[in-house]
Amino acid sequence: ALGTGVAQIIVDGYGQTIGLPVVTYAPIASLRRTGEQRPEFAVPEGLQTTVGAEAVTDNSAAVPSAPQRWTVADTNIATYDRRRGTLTARREGSTTLTVRTPSVPAQSWRVRVVNAKFSIVAPPAYLAIGESRQLRAVWVGPDGDTLRSSSAISWRSSSPRSLAVGDSGRISAAETGLATIRAEAGDRYHA
């Protein structure tokens, strides 16, 4: 390889022409984690989280054309979609997610899929007209630890005229009344 790019080796013979595509890339020094940084983490059952790695050179420049091979030790517990860079938690248990690229040590993550409780953190009981607050919904693992997830949360108000809620979970009191805020993450998690 003389430089980076895509080339083709062409072989002619016996009345046939065969082309073999070849991708050349800069020498890789290491893999840098993207998305989930922790080597061990928990994901609520049925949800997704972002996990990735990029090959980098000695001067930390990304090498996007470097080949990567992703594997999940037990695909009954979790699966990985390389195109989207997401790990999907399928059922309770533990597994390992590993990425390999030529010439450098592999990167691995230990993944625990847990049955988690979904709840809204410290919602206000009262809000004066004109006031607003940011709500946050979290998953709490079996050990009481707060878990992260990249799954989208949808928010609804039972009375949007009294208490409006935005896509990010920000509530605003508009008029006197009573309302219930509902947070949903997929079909499984409601608070």
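The values are calculated or read from the model by the stated rules, or taken from the named source; none is laboratory data. Quick caveat: nothing in here was measured; it's all calculated off a predicted structure. Cβ: placed from backbone, ideal geometry, glycine included. Neighbour counts: every protein chain shown. With ligands, DNA and RNA removed, areas are computed over all heavy atoms of the protein, side chains included. Shrake-Rupley method; radii C 1.70, N 1.55, O 1.52, S 1.80 Å.
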Inset, instruction - Kindly indicate whether any position in region 108-118 is farther than 16 Å from Arg148 by Cα, open to solvent by 50 Å² or more (accessible area, probe 1.4 Å) and of a type outside the set (S, T, N, Q). - result: no
Inset, instruction - Return yes or no: is Ser154 exposed (fewer than 15 other Cβ atoms within 10 Å of the Cβ), closer than 30 Å to Ala179 by Cα, touching a residue at least 12 places away in the same chain (Cβ under 8 Å) and touching a Ser or Thr at 6+ places or on another chain (Cβ under 6 Å)? - result: no
Inset, instruction - Could you list all residues from region 122-141 that are under 26 Å from the mean Cα position of the chain (by Cα) and exposed (fewer than 11 other Cβ atoms within 10 Å of the Cβ)? - result: Ala122, Gln134
Legend entry - Within region 20-70, tally of residues that are touching a residue at least 12 places away in the same chain (Cβ under 8 Å) and under 18 Å from Asp81 (Cβ atoms): 21
Inset, instruction - Tell me, please, whether a residue that is under 30 Å from Ala116 (Cβ atoms) and part of a strand (DSSP E or B) can be found in region 22-32. - result: yes
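Please note which strands (runs of 3 or more DSSP E) are completely contained in region 76-116 and include at least 3 residues that are touching a residue at least 12 places away in the same chain (Cβ under 8 Å). Explain how you work it out, then say what you get.
On the way: elements: 78-81, 86-89, 93-100, 107-114.
Here the list reads 86-89, 93-100, 107-114.
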Inset, instruction - Can you tell me which residue among Thr50, Thr24, Thr75 is among the hydroxyl-bearing types (Ser, Thr, Tyr) and at pLDDT below 90? - result: Thr24
Legend entry - Residue list for region 157-178, restricted to those being more than 30 Å from Gly35 (Cβ to Cβ), open to solvent by 70 Å² or more (accessible area, probe 1.4 Å) and free of Cβ contacts under 8 Å to residues at least 24 places away in the same chain: Pro160, Arg161, Leu178
